[in-house]
Amino acid sequence: MKLRTLLLLSYAIGVVIVTVVLGFSAYKMIFNTNLVIFTILITLGASTLAFVINYLLMRPAFRSIDRLSKESREIARGEFSGQVEVTGSIETKMLAEDFNEMTTKLDQMFRQIKQGEESRNELIANLSHDIKTPIASIRSFSEAILDGMITTDVERQQYLRTIQRETMRLTDLVDELMDVAAIDKKEPKLEYDWIWIDQLLVNVLEGFDVQLKREHRDVHVDIASDCQTIFADQRFLMRILYNLLENALKFSDAGTGIAITVVFEKGQVAFRVKDFGMGISKAEQERIFDRLYRVEKSRNLAHGGSGLGLHIARNLAQLHGGDLRVESEIGKGSVFILTLPTKGEEK
């Protein structure tokens, strides 16, 4: 039975009881039958008028409750776009407002869950392809060596170097996945320490020594005199700079230089990594920090990647209380600017 029917029925029963009791009492106290009937009719008339007024006053509340019931069924079917009109008494309005707020939050929550699932599926699909390629290379080259197809030491060394390179690609992919998982779970614990910036850059550049020599590249480093040290997590800061330098090398031609400058500006240390490559359009300059986004949509070895490097770098920068942004112009290269507080707050 609906609440409206129940309330009206209970009110009608009350009117009947009051009328019967009043009529019986009047009959016992007053012997004039006409007066008794008149009293009963007045009571019935007043009760009916009160009944109508009560129904009219309660009608907005009944409508709101009906709408709440209808929207609740829509939510049960997975539809969160509906909103209940706020009418009726203060309590009903508060209930409708709370319901609308709950619906909005549920809609946002389920959208986030859906986007998260789509992102995970896309991540799995992309990485499945990225992992499959080096595994196939490692398998084919190792089988060629084991089957005795390689007859000279020069060829054998070349095949082994290829296997080593593809193994490092797999290692980098696994490291990126672990970093993304830790960032999503808010687990990275920063271990702050004073770091000499010049030694930090030397350590990062050592990881690219072979590539820099092979591609005949020069790296120009300029550290301002007032930027000798920084208080940060060395492991994560190296990861950010490594990603930025890897990105600069990937999207610029062999033989072109890379410029790294460190300056003190607006109370923060700013690392600028500049390349002289293809540049990034205005429309893509913010999107490149999104997870899985790639400026180069193909998966060629020159420009391909997991689409996680810059996403990880910005998140790690923000964990330090800083930020990562880009300034770029098509055909003139890009400058990635990492800003960090000179002295972080240990967490």
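Throughout, read-outs are computed from the coordinates displayed, never taken from laboratory work. For clarity, every value in this text was computed on a predicted model and none was experimentally measured. When we count neighbours, we look across all protein chains shown, and the Cβ atoms used for this are built from the backbone with ideal geometry, even at glycine.
Per-residue 3J(HN,Hα) values for segment 54-66, derived from phi via the Karplus relation 6.51 cos²θ - 1.76 cosθ + 1.60 with θ = phi - 60°, read 4, 5, 5, 5, 7, 4, x, 5, 4, 5, 4, 5, 4 Hz in sequence order (x marks Gly and Pro).
What FRET efficiency comes out for the pair Ala254/His220, r = Cβ-Cβ distance, R0 = 22 Å, nearest 0.05?
Efficiency computed from Cβ-Cβ geometry: 0.85.
For the pair Lys105 and Glu265, the difference between a 0.36 nm per residue extended length and the Cα-Cα distance amounts to 53.6 nm. In this label model, Glu284 and Leu146 are separated by 4.0 nm, measuring between points 7 Å along each Cα→Cβ vector.
Note on Val21 and Lys332: their simple-model spin labels are 9.1 nm apart, each label 7 Å out from Cα toward Cβ.
Distance between the pseudo-spin-label points of Ile135 and Arg59 (7 Å out from Cα toward the beta carbon): 6.9 nm.
With θ taken as phi - 60° and the Karplus curve 6.51 cos²θ - 1.76 cosθ + 1.60 applied, the whole-hertz 3J(HN,Hα) list for segment 236-249 is 6, 5, 5, 5, 4, 5, 4, 4, 5, 5, 4, 5, 5, 5 Hz, x standing for glycine and proline. Panel order for Phe276, Phe38, by other beta carbons found within 10 Å of each beta carbon, from fewest to most: Phe38, Phe276.
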